[in-house]
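Here is the structure we will look at.
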Protein chains: 2
Amino acid sequence: MRVVQQPERDQFDLAAVLYALSDPTRLELVRRLAQDGERACGTFDVCATKATLSHHFKVLREAGLIHTRAEGVYRFISLRRRDLDARFPGLLKAVLKAAGAPGR
Amino acid sequence: MRVVQQPERDQFDLAAVLYALSDPTRLELVRRLAQDGERACGTFDVCATKATLSHHFKVLREAGLIHTRAEGVYRFISLRRRDLDARFPGLLKAVLKAAGAPGR
């Protein structure tokens, strides 16, 4: 099992997190992850090419919003809710509420 | 007195609001407005040229984060806290808290 590089909780940058959330597709990805929990990489039914989707996941991962776990050829993505809530209390909840997702 | 064009509350777009907040200088401007209330345009002591500052205010204004009021040659800027809280409850509070500003 290989873990893709991602920032530690104390390396999160608020502006980078807000930027990662400032795109409608990335917001939708985060909304679905909040709703469904960990998902395999290819199961996100959004209107974007594979390359665009990879880019969006990279922006989200580098900002600290998501965790990518690799198992063989498969990648599983989850929201770093606990880390985000610890660093920026209330932020993810407010964004998800504004994006029309159910709360916790 | 002239009022600069800005979106109505129901025209706010979440992604645009998050984008407007995703720049360190704009975050600092919002933090100061939250702290001090309405301020004259030239009184923001931040590291940016006048043109850059104008651009930042434009992004913030078009997203619905700030209100610009003109009186003669002076412009006064305030945070649209009530409108933002109504549209995206908890969002501004969480962002300000994360940015190190006092709450309400």
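The values are calculated or read from the model by the stated rules, or taken from the named source; none is laboratory data. Here the structure is a predicted model, which is why all the values come from computation and not from measurement. A quick note on method: Cβ atoms are made from the backbone with ideal geometry, for glycine too, and the neighbour counts reach across all protein chains shown.
Exactly one residue out of A:Thr68, A:Thr25 is more than 14 Å from chain B (Cβ to nearest Cβ) and either of a type outside the set (A, V, I, L, M, F, W, C) or closer than 22 Å to A:Ala94 by Cβ (or both), and it is A:Thr68. Among the residues in the range A:38-49, are any more than 14 Å from chain B (Cβ to nearest Cβ), assigned to a helix (DSSP H, G or I) and more than 12 Å from the chain's Cα centre (by Cα)? Yes - at least one qualifying residue is present in the range A:38-49.
Which one is nearest to the other protein chains (Cβ to nearest Cβ), of the residues in the range A:82-104 that are surrounded by fewer than 18 Cβ atoms within 10 Å (Cβ to Cβ) and touching a residue at least 40 places away in the same chain (Cβ under 8 Å)?
Here is the first cut: in the range A:82-104, the ones surrounded by fewer than 18 Cβ atoms within 10 Å (Cβ to Cβ) are A:82, A:85-86, A:89-90, A:97, A:100, A:102-104.
Those still in the list that are touching a residue at least 40 places away in the same chain (Cβ under 8 Å) too: A:86, A:100, A:102.
On the way: A:Ala86: 11, A:Gly100: 9, A:Pro102: 14 Å.
The qualifying residue nearest to the other protein chains (Cβ to nearest Cβ) is A:Gly100.
Once the range B:9-57 is narrowed to residues that are of a type in the set (Lys, Arg) and touching a residue at least 60 places away in the same chain (Cβ under 8 Å), the residue that is nearest to B:Phe76 (Cα to Cα) is B:Arg31.
So which of A:Arg75, A:Arg61 ends up being away from chain B (no Cβ under 13 Å) and in a helix (DSSP H, G or I)? Write out each step before concluding.
Details: A:Arg75 fails: in a helix (DSSP H, G or I).
Step by step, each of A:Arg75, A:Arg61 is checked, and only A:Arg61 is away from chain B (no Cβ under 13 Å) and in a helix (DSSP H, G or I).
Restricting the range A:1-22 to residues that are polar (S, T, N, Q) and in a loop (DSSP other than H, G, I, E, B), the residue that is modelled with the highest pLDDT is A:Ser22.
Can you tell which of A:Thr25, A:Thr68 is surrounded by 12 or more Cβ atoms within 10 Å (Cβ to Cβ), assigned to a strand (DSSP E or B) and hydroxyl-bearing (Ser, Thr, Tyr)?
Details: A:Thr25 fails: assigned to a strand (DSSP E or B).
Going through A:Thr25, A:Thr68 in turn, just one is surrounded by 12 or more Cβ atoms within 10 Å (Cβ to Cβ), assigned to a strand (DSSP E or B) and hydroxyl-bearing (Ser, Thr, Tyr): A:Thr68.
Considering the range B:67-94, the residues that are of a type in the set (Gly, Ala, Ser) and at pLDDT 95 or above include one that is nearest to B:Leu29 (Cα to Cα), namely B:Ser78. Taken over the range B:28-62, the criterion of being surrounded by fewer than 17 Cβ atoms within 10 Å (Cβ to Cβ) and either within 20 Å of A:Leu14 (Cα to Cα) or among the small types (Gly, Ala, Ser) (or both) is satisfied by B:Gln35, B:Gly37, B:Ala40, B:Gly42, B:Val46, B:Cys47, B:Ala48, B:Ala51, B:Ser54.
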